[in-house]
Amino acid sequence: MAGYLVKRVGSMLITVYVVITLNFLLFRVMPGNAVTDIARVPGSSLALEHAIEQQFGLDHSIPVQYWDYLGQLAHGNLGVSFAYQQPVAGLLVTALEYTLPMVGAGFLLALLLGLVTGVLAAWRRGTLVDSTVSNLAIAFYAAPAQFLGLGLVMLFTGLLPTAGASNPFAAGEGFWPTVADHAQHMLLPSLTFGLAVFGQYTLVLRASLLETLGEDYTLTARATGNAPRRALLRHVLPNALLPFANIAALQLGSLVAGAVLIEVVFSWPGVGTALYNAVVQRDYPMMQGIFLLLTLAVVLCNFGADLLCRVLDPRTAT
Amino acid sequence: MIAPGAEAITTPAPPAGPAGRARLRRALRALRRNPRAAAGIVILLAVAIVAIDPHLFMPYQAGQQVGPVYGSPSLSHPFGLDDAGHDVLSETLLGTQATAVIAVTSALIAVGIGAAVGIAAGYAGGWVDLVLMRLTDYVLVIPVLPLAIVAAALFGAGLVNLILVIGLLLWTTTARAVRAQVMSLRSRVFVRRVRSLGASHLRIVLRHILPQLAPLLVAMAAIDLAVAIFTQSALAFFGLGNPSQITWGIMIWFAFERTALVVGAWWAFVAPGLAIMLVAMSGYWVGQAIEDALNPRLRVRHLAPRSFRVALAGGAAVGTAPAGTAAATDGGVTEGGR
């Protein structure tokens, strides 16, 4: 186990390094210069542009810039946002404080929905319930996340808050009212997120349940006298959950797209809205920082998924 | 040494003459058993026909104001009017063309690159395989939408850029699936026989391996189509589409940007959203049906879920586990998600 862990951590670190380098290259091959936007102030001159380039080290060669970049990253410096004149790292931490609870709650909802509907569809395979549930899952999964968000906004206007993370007029009300206010605002975005992504969990769980039902040990469990429900709970479900957990953990990284769109629809002040604003304002350091953050999140999630599968299923030990 | 008889059974004949017609009959029978795949194919064909010349199907002219801004749905305008008084249904049909062009081209590029990489890795093996698979792993790890957004923001949001970005990100799942199948095909006896007759590697790949890959490539293309549409609509929603070219994603963005929500004009985004949903579902159904047909495990006996009696898995199931599909995955999407 220790040897496997070392190998996997090593592989992950190499991937992290490749991602960091890609991030650097991506923002260096863009047309124009990083300072062409800053230097567009009234009364600027070529001298000003040169001065800014020198200050940010952009007049050095690319390999020197790369070395500087790595050094700064090691100190946690992701650059300074053009639009907010503040360190990108600090802004991203604030944004994450909003994104993580919303996405976390939505993800749990999606897992729950997927579990319930997957078991239901497999248990009643071939009946109307199965086709209805499966097609509903596919339909929700096939709907674009922003479409679901807009639909839910239309349905719940007036009933639930549909924009922002809190009521600005309720800022000083006290601890529990503030928590309740935040929770109310988080309800719709998390619900949208859960609805947008649960479909794949339903289908994967249904498929793996049906496959487990075809295994020999299930037949044995039944033949040795277990009641159907006991066989389902003790023998079928735990084994069927393995590919389900695998897919769930792997897909964590690619849930980014849905989260980003939903945040824009609900004006949720998280990483997605930050990316949207950075794009609109051409705030390249912010874009670079967010891209790095999201890609590293995917790498970490894949690593976590690998470890989870190893722990849950010793048969994958090679 | 594998018994030649066993190999002869498992090596499918290339489609030609009676063998080809038998395959066609089997494919049609499989379609009848799987109504979802049939519906999916019909929907995709309908979208393709509309995309060729939308003006034949549009009830009103493009860009023609036929009523008040955000007029409600009525009998003559089943999906209402948008922010400029245009008929939403006509706009949606018009948008089919640009959406289809972007999605199909991106899917073709993705499948093309994926097939090339997969065949090279699976057939050559050795260090070529190692290098290509490492490359695939690194590209796979990059989330599609953020990179697409960054690339569009950096390099401009033109049509070509859009197609390139989506195509260059979606090839990885195809590459992996193709590599797996090519590796299993390469070790088949018929390849060794043809090689011993003096066939070059290129001839083996083109004449013997590629036809076997065709169903898998079609399945991957269908799924990549859905993810391409998701990603394109997500990019449009970020303001990174081309506003002068109507696509379904642009229409949803217009609805959001141009205060349809404030006015309560839900119809402004329902039509394009439903269109994307239908195409994505059809792509998924078709891709899944092909994967099911290729997957021999469906013929394993299942225990009937409630009674736990042994029962055959009847026909094609609603859907097996998506083999590395995205979200969208898109979308999700793109996924899917992926």
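Classify the stretch A:210-272 as rounded, prolate or oblate from the Cα gyration tensor: take a ≥ b ≥ c as the square roots of its eigenvalues, call it rounded if a/c is under 1.5, otherwise prolate when a/b beats b/c and oblate if not.
prolate
Close amide H partners of residue A:80, meaning residues 5 or more places away or on another chain with modelled amide H under 5 Å apart, are A:88. Taking Cα centre as origin and charging only the Cβ of basic (Lys, Arg, +1) and acidic (Asp, Glu, -1) residues, the dipole magnitude of chain A rounds to 1220 debye. Shown in residue order for the stretch A:99-114 are the 3J(HN,Hα) couplings computed by the Karplus curve 6.51 cos²θ - 1.76 cosθ + 1.60 at θ = phi - 60°: 5, 4, x, 5, 5, x, 4, x, 5, 4, 4, 5, 4, 5, 4, x Hz (x for Gly and Pro).
For chain A, take the longest principal axis of its alpha carbons; what is the angle in degrees between that and the long axis of helix A:256-265, to the nearest 10 within 0 to 90? So the helix axis and the longest Cα principal axis differ by about 70 degrees. Among A:103, B:141, A:64, B:227, sorting on how many other beta-carbon atoms sit within 10 Å of each Cβ, with the fewest leading, yields A:64, B:141, A:103, B:227. What is the stretch B:139-254 by shape, rounded, prolate or oblate, if you read a ≥ b ≥ c off the alpha carbon gyration tensor as root eigenvalues and call it rounded for a/c under 1.5, prolate for a/b larger than b/c, and oblate otherwise? Note, shape of the stretch B:139-254 comes out prolate. Listed values for the stretch B:118-129 are Karplus-derived 3J(HN,Hα) couplings in whole Hz (6.51 cos²θ - 1.76 cosθ + 1.60, θ = phi - 60°), namely x, 5, 4, 5, x, 7, 6, x, x, 6, 4, 4, and x replaces Gly and Pro.
Looking at the stretch A:160-238, which GluC sites (Glu not before Pro) are in a loop (DSSP not H, G, I, E or B) and have at most 13 other Cβ atoms within 10 Å? Taking the stretch A:160-238 and a limit of 13 other Cβ atoms within 10 Å, the loop GluC sites (Glu not before Pro) found are A:173.
Relative to the longest principal axis of the Cα atoms of chain A, the long axis of helix A:46-55 lies at roughly 50 degrees.
If the viscosity is 1.567 mPa s and the temperature 4 °C, what Stokes-Einstein diffusion coefficient in µm²/s follows for the stretch A:139-206 when Rh is the Kirkwood radius over Cα pairs?
Rounded, D is 97 µm²/s.
A simple charge model with +1 on the Cβ of Lys and Arg, -1 on the Cβ of Asp and Glu and nothing else charged puts the dipole of the stretch B:193-297 at about 600 debye relative to its Cα centre. Computed from phi, the 3J(HN,Hα) profile of the stretch B:37-43 under the Karplus parametrisation 6.51, -1.76, 1.60 (θ = phi - 60°) reads 5, 4, 4, x, 5, 4, 4 Hz, with x in place of Gly and Pro.
With N as its number of residues, the stretch B:50-202 has a Cα radius of gyration that, divided by 2.2 N^0.38 Å, comes to 1.56. The mean of 1/r over all pairs of different alpha-carbon atoms in the stretch A:48-153, once inverted, gives a Kirkwood hydrodynamic radius of 18.8 Å.
Histogrammed with a bin width of 10 Å, the alpha carbon distances of the stretch B:210-266 distribute as 23, 34, 23, 14, 6, 1 percent, first bin at zero. Taking every Cα-Cα distance in the protein assembly as shown and sorting them into 20 Å bins from zero, the calculated P(r) comes out as 17, 49, 29, 4, 0 percent.
Taking a ≥ b ≥ c as the square roots of the eigenvalues of the Cα gyration tensor, chain A is oblate, since a/c reaches 1.5 or more and a/b is not larger than b/c. Rounded to the nearest 10 degrees, the inclination of helix A:62-74 to the longest alpha-carbon principal axis of chain A is 60 degrees. The charge dipole of the protein assembly as shown, taken about its Cα centre with unit charges on the Cβ of Lys, Arg, Asp and Glu (plus for the first two, minus for the last two), comes to roughly 3780 debye.
With 0.36 nm allotted per residue and the present C-alpha distance subtracted, the residue B:207-residue B:127 stretch has 26.3 nm of extension available.
Bear in mind that the values in this text are calculations on the coordinates, not laboratory data. Note that the structure is predicted; figures quoted are calculated from it, not measured. Cβ atoms come from the backbone with ideal geometry, glycine included; neighbour counts cover every protein chain shown.
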